[in-house]
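**Student:** One structure, pasted below without further comment.
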Amino acid sequence: MIKNITRRTPPTPEELQAQNAFLEQSRRDTDRINSEAMIASRQIREAAFQDKLVADTRLDLSQLRAIREWLKHNS
């Protein structure tokens, strides 16, 4: 059985610095992973939308992109 050891002294400045560095790195990693997940989610939604357009219009994706570019330049 593992004993629960209670610390009776406050952490040293080096320990606090190491803990803060670890927490800051964890926050950066979390932010990066969250950003990547949001990008992946957006890409999945865009791909589903493109698939629906292809199915609904019976045009291929290159034709739909050409139409989009034409509309962008002629609107």
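What follows is calculated from the coordinates using simple rules that are stated; it is not laboratory data. All of these numbers come straight from a predicted model, not from anything done at the bench. We place every Cβ from the backbone using ideal geometry, glycine too, and count neighbours over all the protein chains shown.
**Student:** Could you go through the stretch 60-69 in sequence order and give the Karplus-derived ³J(HN,Hα) for each residue, using 6.51 cos²θ - 1.76 cosθ + 1.60 with θ = phi - 60°, rounded to whole Hz, and x for Gly and Pro?
**Tutor:** Ordered by residue, 3J(HN,Hα) equals 8, 4, 5, 5, 5, 5, 5, 5, 4, 5 Hz.
**Student:** Return the Cα extents of the chain along principal axes one, two and three, sorted largest first, each rounded to a whole Å.
**Tutor:** Each principal axis gives a Cα extent; for the chain these are 72, 35, 14 Å.
**Student:** For Lys72 and Asp51, FRET efficiency with R0 = 25 Å and r from the beta-carbon atoms, rounded to 0.05?
**Tutor:** So the FRET efficiency works out to roughly 0.70.
**Student:** On to the next question. Quickly rank 47-58, 2-13 as a protection proxy: mean count of other C-beta atoms within 10 Å, highest first.
**Tutor:** Result, highest mean first: 47-58, 2-13.
**Student:** Each label point is 7 Å from the Cα along the Cα-to-Cβ direction; what then is the distance between the points at Leu64 and Ile33, in nm?
**Tutor:** Taking the two extended label points, one gets 3.3 nm.
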